[in-house]
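A quick write-up on the structure given underneath.
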Amino acid sequence: MSEIIKKEENKVINFEDADKYFIEKIGVPSHELSVIKKQIAPGISNAELNYCLNVAKEYELNPILKQIWFIKRGGYVGMGDNKKWVEKYEPMVGRDGCRVIARRKGLKVPVKTWTEIKKVPKLTNEANGTFEMVEDLVAFASLTMKNPDTGENVEVVKDAYFHVYAQRTKKGEITKFWKDNPTGQLMKVAEVNLLKAVYGIDIENVEGGFVNTYEENVVQTQNGEETIEEGDFE
């Protein structure tokens with residue numbers, strides 16, 4: 001049995017050596033931290049792991065159960081000669097993690113989701129601000145709730161647009177999961193957007209677009225190539 005190191009309820013845990021500790025609220029014993037570092041977030045530094053696990057602790061989400069994801073993201077920072085490529089791990093919540101939090105806060109019934117093809121305005125000329133109406137895939141998520149002031153049932157609806165949330169590689173191409181299952185992916189985004197709005201979930205979501213929520217973990221390298229770690233980020 002793994003030794004459990006007791007911590008004060010609200011004390012932030014610092015990892016001098018992350019493999020020797022665990023997050024009490026999440027119930028991650030020390031030997032499972034090695035699993036996180038090797039399989040869930042390969043190459044993550046102790047400082048990044050400390051940050052990610054403390055966010056997981058705050059929301060009481062378990063990375064082993066895939067309720068929260070530690071995603072490696074890359075991008076350029078700075079300008080001109082000072083521009084450089086930076087990669088870091090960030091904690092992100094998926095649909096399952098949002099559902100866990102929402103149920104704790106009173107969610108009783110499943111969220112209803114569906115998709116439609118709608119015409120939406122798209123900027124076609126940045127110089128003069130010209131828009132045109134184009135077809136786009138739109139997902140919706142709805143939840144019927146009781147208005148605390150009137151006692152009446154009201155329907156809360158959030159949407160998600162494909163051109164906004166579709167995940168792309170560094171080259172601008174739609175990733176495999178979004179090509180193969182665009183409706184399923186987009187409905188996940190809409191549901192996450194709804195649950196976050198209704199239940200006050202502030203952590204960044206891993207569903208769609210590298211907001212950005214994702215069904216593929218695209219690790220973008222400095223030479224422009226992508227290493228795709230495929231997986232279903234529920």
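Taken together, the values in this text are just the output of simple stated rules run on the coordinates, not laboratory data. Quick caveat: nothing in here was measured; it's all calculated off a predicted structure. Reconstructed Cβ throughout: ideal geometry from the backbone, glycine too, with neighbour counts over all protein chains shown.
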Open item on the list: Give me the one-decimal nm value for the distance between modelled label points at Leu65 and Asn147, 7 Å along each residue's Cα-to-Cβ direction.
Closed with: 3.6 nm
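Take each of the peptides 147-158, 61-72, 183-194, 43-54, average the number of other beta-carbon atoms within 10 Å over its residues, and list them starting from the highest. All intermediate terms of the calculation are to be shown ahead of the outcome.
Values: 147-158: 9.7, 61-72: 21.0, 183-194: 24.6, 43-54: 17.8.
Ranking, from highest mean packing down: 183-194, 61-72, 43-54, 147-158.
Can you give the FRET efficiency to the nearest 0.05 for Val35 and Arg103, using r as the Cβ-Cβ distance and R₀ = 25 Å?
Step by step, r from the Cβ atoms, then E = 0.45.
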TODO: Please go through the residue pairs Lys88/Lys176; Lys88/Lys146; Lys57/Lys122 and name each one whose alpha carbons sit more than 30 Å apart in this structure.
DONE: Lys88/Lys146; Lys57/Lys122
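If each residue of separation counts as 0.36 nm, what is the full-extension length gain between Glu155 and Lys119 once their alpha-carbon separation is subtracted?
Taking Glu155 through Lys119 to full extension adds about 10.6 nm, to one decimal.
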